[in-house]
Amino acid sequence: MKRVFNGTAFDQALSETDNPLVLFRNTLAQGAETLAQGFQDQVPVSTLVSLRAKLIDSLLQRAWQLNMPEQTDAALVAVGGYGRGELHPHSDIDLMILVEPKERDQLTENIEQLLTFFWDIGLEVGHSVRSIDECVEEAKQDITVTTNIMESRLLAGSPDTLQQMRDATSPDKIWPSDQFFKGKWEEQKERYEKFDDTATNLEPNLKEGPGGLRDIQTVGWVAKRYFGCETMHGLVGHNFLTEVEYEYLMEARSLLWKIRFALHLHTGRREDRLLFDYQRALAQEFGFVDQEHSLAVEQFMQRYYRTAIRIERLNERLLQLFEEAILMENQPAEILSINKRFQARNGFLEVTNDNIFRRYPFALLEIFLLLQLYPELKGVRASTVRLIRSHRHQIDDKFRDDLRAKSLFMEIIRQSNGVTSELRRMNRYGILPAYLPVFSNIVGRMQYDLFHVYTVDEHTLFVVRNLRRFAVSWRAREFPLCSEIIHRLPKPELLYLAGLFHDIGKGREGDHSTIGAKDAWVFCKEHGLSDYDSKLVSWLVRNHLLMSMTAQRQDTSDPEVIHNFAKKLGTIARLDHLYLLTVADMRATDPKKWNSWKDSLLKDLYIATRRTMLRGLERPHDLNELIQEKQRDASEELGRSGIGSDAINNLWRTLGMEYFLYSSVEEIISHTQFINSNKGQDGPQIKLRSKTGRGGSEVVIYSHDHTGLFAITTALLDRLRLNVVDARIETTSDGYSLDSYRVLEDDGSAITDEDREQKIIQVLRNGLNNPDQVSLNVTRRIPRQMKHFKIPTQIDFIQDQTNQRTILKLITADQPGLLAQVGQAFSQCRVNLKAAKIATIGAEAEDTFFITDEDSRPVEDPDTLQCLHDTILRQLESDDTDSDTINI
């Protein structure tokens, strides 16, 4: 590698030039190019960040000489990361100029010239100008200032001034070690909260996020403040780190440094967020390639996540050790014996001696059961955690075959409390992936989409947590139906096992549900479960997507759909288990995307299926009987509200039988009252029901039918930033259209603000009264994250002869105005929309439209189908489709 800075040559050139700015600028640029090339040439990143700091040192020192008097007590000091001698290509260059009051006035002009010079040569510096007393005062008020000062390093000027400042801010003067430790620990907790307390965010922050560089630095700061360790290796001498742990920590830091260095070079600026914008490019730069069942970017991110997780766990253990050494040092030891292998020391569980796990390997599982049995325990002592991790190698095939180990694991799953917390602890300590080798494959495994916001292992444990919460009495109000069902289950542990295994096959060759079902069967049989129980767990894993796919992609108001779904399940026991697993799974995919609409979809499907099963699968509902039952119930309620039977019958005669088949009694009553109360009114009539029995809010429009009504309405709803999740279009025999749209706000909530309701109604009324003035081009920007997912458009047609309609299935990239664009295609191809189910999964829209021709028959004409296919593609301006063929 070329020299980054040649001091002799630079000084010679400096003595000969009349324009030092150009020389400094060019030297800085050349040094940056040399470092970038060194990175490409695989020079160790630790060398590069050190050389970058030394380059800046050399330039700042010479700038000081040019702009400051020779005789001065002032000092130029590097602080923060720069003080540690670590600089990435675009890292902050944090400086402090120490100057005492007696010199400040006479040096003001020099300091201003110096700072201007820094900026003029291309350095973006963060600076402060302080006296020693000001440093002390600032440090007392702000622990971050104290931290910066601790890492101060002299660049130029008076070393005595810097030493005086260090003495004045030492632990015996301000922020004693115990207070400093408490402050840094609290600071870390607040920092973790900003990142949802997880190291596995989709777009992690390399520096500030859990498991990031700041976690390593926090340990170093406490070690320096309390133990006086100048380097992390000093903790080895104090028995807080083993040599192996230290080496791993340095390897982990090196990987994060390497990614951060590459990120700075790739973006050309200081950037610590591993955004979707950069992940693919960095994966390629780090040598990862797409494989059949794992994208390069997923492999790259899994390596990052596993590294961050290990840093986070080591940080946790070290801070606990520090707590014991710093805060509990003088506390008397209160020891409570639990059994011959374990005892509690001041509320923390520990082994009775360091040989326990060697002599009793099964104790590696027993410890987690004890934490469940003794909920008053605060946790595990850090020294015992280290022993657990260092004895994980004992969990081999012999260990897994040990009846004691099998019994302990099942006891942990069967406990009435602490199941989730101990499974998570087992995962943190590395015991869960060691005991279940198939689980190790999903640790830190990300899925490159916007649908799954957690790694597979973290999502899995969230699913188990959600299932456990259904069983907690004080949470019964959150999901009352789920709570009622789970208390009917004779063996809820079977459900927890299904949750644990449902995604365990991801990242392996083949369908993950099928792979997971086989793994679950093997596990259950090896752990002594009966054939019946083993089959149930395996069936749940194999079919864990069945209910969510049925609810979101099929017309569940169709009795035939319900009947077919019920046949696939076969028993109410399977329905109960699958419903609970599905709710828990969907909520754990992205908690922010769970809403009342999804809740209602699953609940309605569960209730309808259970009713069908109780009636008997051999006795499906007669459609006429079902319609008459709904009309009778609705008519009785409408009569009580004062609407006469003649008015009801006159309206209902204009509606097709499909309307009554697919509408609930609540909806029939609401629509009838709405139309009856607006009889004779001019223009489109609009009603908004903020909360409905089916979740979300309902927008109802009753107007004269005309071409493009669906396209115009959905364009207006899109501009109002409302998400349409379901639509029903009913054309009456007297030329009207009764349209119902189920909508949600951007955050997934129902519409609750009265002013917002009035604005929505007004915008819709104005647009529908003046359709020619409504532009169908929605100009809302596509969210940044979605731009990085290329989803080819797929259009399929399915003929539903039973219901005399055609089903159009559209899979494409989600985008503003999508429904309006599809609606235009329907108008241009002279197709009628009867209903729509809208599902957005991450960046992908999976929408289902139920359509007929102008005579209310299935769309079977090849020319019309081709028209729809081509027009939709053209409207979406998609060039990703692989062919112009139609799937029928």
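The values are calculated or read from the model by the stated rules, or taken from the named source; none is laboratory data. This one's a predicted model, so the numbers in the text were calculated from it and none came from an experiment. Cβ atoms come from the backbone with ideal geometry, glycine included; neighbour counts cover every protein chain shown. Ligands, DNA and RNA are excluded from the accessible area calculation, which covers all protein heavy atoms including side chains. Shrake-Rupley method; radii C 1.70, N 1.55, O 1.52, S 1.80 Å.
Among the residues of region 771-792, are any open to solvent by less than 40 Å² (accessible area, probe 1.4 Å), at pLDDT 85 or above and in contact with a strand residue (DSSP E or B) (Cβ under 6 Å, 6 or more places away or on another chain)? No. Out of the residues in region 518-541 that are over 34 Å from the mean Cα position of the chain (by Cα) and among the charged types (D, E, K, R), which is farthest from Leu581 (Cα to Cα)? Result: Glu526. Looking only at residues in region 183-197 that are in a loop (DSSP other than H, G, I, E, B) and surrounded by fewer than 17 Cβ atoms within 10 Å (Cβ to Cβ), the one that is farthest from the chain's Cα centre (by Cα) is Asp197. Of the residues examined, Leu87 is not one that is buried (at least 18 other Cβ atoms within 10 Å of the Cβ), of a type in the set (A, V, I, L, M, F, W, C) and in contact (Cβ under 8 Å) with a residue 60 or more places away in the chain.
Checking each residue in region 571-599 for being in contact with a strand residue (DSSP E or B) (Cβ under 9 Å, 6 or more places away or on another chain) and more than 18 Å from Tyr454 (Cβ to Cβ) picks out Asn595, Ser596, Trp597. The listed residues are Ala836, Ala813, Ala750, and the only one of them that is over 30 Å from Glu298 (Cα atoms) and within 25 Å of the chain's Cα centre (by Cα) turns out to be Ala750.
Residues of region 129-168 that are touching a Cys at 6+ places or on another chain (Cβ under 9 Å), free of Cβ contacts under 8 Å to residues at least 40 places away in the same chain and within 16 Å of Ala78 (Cα to Cα): Val145 alone.
Please specify each residue of region 112-124 satisfying the condition of being open to solvent by 10 Å² or more (accessible area, probe 1.4 Å), of a type in the set (A, V, I, L, M, F, W, C) and either closer than 19 Å to Arg269 by Cβ or in contact with a His (Cβ under 9 Å, 6 or more places away or on another chain) (or both). Listed by number, the residues that qualify are Leu115, Trp119. For Phe180, the criteria (1) open to solvent by less than 20 Å² (accessible area, probe 1.4 Å); (2) modelled with pLDDT of 95 or more hold in every case but one, which is (2).
A count restricted to region 649-674 and to residues that are more than 28 Å from Asp800 (Cβ to Cβ) and open to solvent by less than 20 Å² (accessible area, probe 1.4 Å) stands at 1. Just one of (1) of a type outside the set (Phe, Trp, Tyr); (2) assigned to a helix (DSSP H, G or I); (3) in contact (Cβ under 8 Å) with a residue 60 or more places away in the chain fails for Gly209. It is (2). Within region 272-302, the set of residues being within 12 Å of Ala262 (Cβ to Cβ), open to solvent by 40 Å² or more (accessible area, probe 1.4 Å) and either in a helix (DSSP H, G or I) or polar (S, T, N, Q) (or both) comprises Gln284, Glu285. One residue stands out in region 1-45 among those that are under 44 Å from the mean Cα position of the chain (by Cα) and among the small types (Gly, Ala, Ser): the one that is farthest from Glu124 (Cα to Cα), namely Gly38. Screening Arg425 with (1) modelled with pLDDT of 90 or more; (2) more than 22 Å from the chain's Cα centre (by Cα); (3) open to solvent by 20 Å² or more (accessible area, probe 1.4 Å); (4) of a type outside the set (Asp, Glu) gives one miss only, at (2).
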